[in-house]
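Visitor: The following block contains the structure, expressed as structure tokens.
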Amino acid sequence: VVGAPIRVSASRDETLLDIARRFDVGQEEILMANRSVDRWLPADGAEVIVPTAYVLPRVPRKGLVLNVSEMRLYFYPPRPSGQRAVVYTFPVSIGRMDWTTPLGHTRVVNKTENPSWHPPESIIAERLSNGEPPPEMIPPGPDNPLGRFAMRLGLPGYLIHGTSKPYGVGMRVTHGCVRMYPEDIELLYPLVPVGTPVVIVKEPIKVGWLGDELYVEIHPPLEEDRAAWNASKRVSDLVQLESDKRPVRLDRAALQRALALQNGIPTPIGRAKTTGADANP
């Protein structure tokens, strides 16, 4: 578990989306954490939870890791000898249900600063069907959908890039590409060399330790996964995996609250046991 949630007071001249960008979280993230707060007109002084704590995905901590379920990208740079490990994390947009971002392993194969945008066939077909033929090319500049920086993946047609529409970050709005806030891609771009491994996973439920406390982070399923959604079983399986390595005394009431909320905020659900007599959860 890294980070910690923040609580701030909304002012009358900002939306939840403004607060989200100020603290580098995505739109869906901040809406899930504040379901009772109006997205566009939060009450002056309303308490807003900024979900800036994260259970790290259950994959090797190397290179870029994208968890589509939370619409969040993690970057693990090489660890210099004798120094602490570091992780950067950023909110992203991913593909819509009809243009899903593919899962699996790939690499960064090319990087471009100030790219031109050539609409892919999927966008050309969609625009033509709506009677809105797209331009053949958009040059670098403020109207370019790729923003100032783009990193091409080994998956043909897929990129990690900036955007000219930052308020869409943290939503399913792309044709499969990974879209970042302009300030985030500007930070990440020089840190990621060509050849960096990329892993794209779907982990709506994550479990991890912070000291002696076990945490769970639960995100609602993506639309196409709702029919088969069984959060209780998945949590039980993940807790058992952790307990096999480090026995835990489970707080079942806390676990049930986390299952009920499914708000993407890491929640403590148990503590490590200190005696061999209490070996099972």
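The values are calculated or read from the model by the stated rules, or taken from the named source; none is laboratory data. Just so you know, these numbers come straight off a predicted model, no measurement behind them. Backbone-built Cβ (ideal geometry, glycine too); neighbour counts: all protein chains shown. Note: accessible area is taken over every heavy atom of the protein model, side chains too, but ligands, DNA and RNA are not part of it. Shrake-Rupley method; radii C 1.70, N 1.55, O 1.52, S 1.80 Å.
Visitor: Note down the magnitude of the dipole of the chain about its Cα centre, charges +1 on Lys and Arg C-beta and -1 on Asp and Glu C-beta and zero elsewhere, to the nearest 20 debye.
Guide: In total the dipole reaches around 980 debye.
Visitor: If you don't mind, another one. Taking the Cβ of residue 151 as the center, what net charge do the other residues with Cβ under 11 Å away carry, scoring Lys and Arg +1 and Asp and Glu -1?
Guide: +2
Visitor: When only the heavy atoms of the protein chains count and the probe is 1.4 Å, how do 28, 186, 70, 136 rank by accessible area, highest first?
Guide: Working: 28 70, 186 95, 70 5, 136 165 Å².
The residues order as 136, 186, 28, 70, largest area first.
Visitor: Once you have the Cα-Cα distance between residue 274 and residue 167, take 0.36 nm times their residue separation minus that, and quote the gain in nm to one decimal. Before the final figure, lay out each step's value.
Guide: On the way: separation 107, 0.36 × 107 = 38.52 nm, distance 4.69 nm.
Net length gain for the segment: 33.8 nm.
Visitor: Which one is right for this structure if Rg and Dmax of the Cα atoms in Å is calculated from it: [x] 37.6, 138; [y] 20.1, 70; [z] 18.5, 52?
Guide: After the calculation, the listed value that fits is [y].
Visitor: Using a 1.4 angstrom probe, figure out how much accessible area segment 120-233 has per residue, in square angstrom, rounded to the nearest whole.
Guide: 48
Visitor: Here is a further query. Can you give me the accessible area per residue for segment 1-82, using a 1.4 Å probe, in Å²?
Guide: Per-residue value: 48 Å².
Visitor: Quick query: amide H of residue 249 versus all other amide H atoms, modeled in the peptide plane; which residues come in under 5 Å with a sequence gap of 5 or more or a different chain?
Guide: 271, 272, 273
Visitor: Could you rank the peptides 197-208, 101-112 by their average count of other C-beta atoms within 10 Å per residue, with the highest value first?
Guide: By packing density, highest mean first, the sequence is 197-208, 101-112.
Visitor: Here is a follow-up. What's the lysine pair count for the chain at a Cα cut-off below 22 Å, pairs eight or more apart or interchain?
Guide: Here the count comes out as 10.
Visitor: Give me the one-decimal nm value for the distance between modelled label points at residue 125 and residue 99, 7 Å along each residue's Cα-to-Cβ direction.
Guide: Between residue 125 and residue 99, the label points sit 1.2 nm apart.
Visitor: Now for a separate question. For a paramagnetic label modelled at 7 Å from the Cα of residue 59 toward its Cβ, which residues of segment 154-193 fall within the zone defined by backbone nitrogen distances under 14 Å?
Guide: Flagged as within label range: 154-155, 160, 178.
Visitor: Give, in nm to one decimal, the length gained when the segment between residue 209 and residue 225 is fully stretched (0.36 nm per residue of separation minus the Cα-Cα distance).
Guide: On the way: separation 16, 0.36 × 16 = 5.76 nm, distance 2.67 nm.
Computed gain between residue 209 and residue 225 is 3.1 nm.
Visitor: Can you grab the distance from the C-alpha centre of segment 78-147 to the C-alpha centre of segment 24-66, Å, no decimals?
Guide: The distance from the Cα centre of segment 78-147 to that of segment 24-66 comes to 22 Å.
Visitor: Order 152, 21, 79, most accessible first, counting only protein heavy atoms with a 1.4 angstrom probe.
Guide: 79, 152, 21
Visitor: So, with a 1.4 angstrom probe, what is the percent of accessible area on segment 114-195 that is carbon and sulfur?
Guide: 58
Visitor: Once you have the Cα-Cα distance between residue 43 and residue 137, take 0.36 nm times their residue separation minus that, and quote the gain in nm to one decimal.
Guide: Length difference between fully extended and current span is 29.5 nm.
Visitor: Now a separate question. Could you work out the local net charge near residue 175, counting Lys and Arg as +1, Asp and Glu as -1, over the other residues with Cβ closer than 13 Å to its Cβ? Kindly include the intermediate steps, with their values, before the conclusion.
Guide: Details: positive: 96, 127, 172, 179; negative: 98, 121, 126.
Around residue 175, the charge tally is +1.
Visitor: Top to bottom by accessible area (1.4 Å), largest first, where do 40, 99, 117 land?
Guide: Largest to smallest exposure gives the sequence 40, 99, 117.
Visitor: While we're here: Count charges around residue 223 for me, please; just the other residues with Cβ under 13 Å from its Cβ, Lys/Arg as +1, Asp/Glu as -1.
Guide: 0
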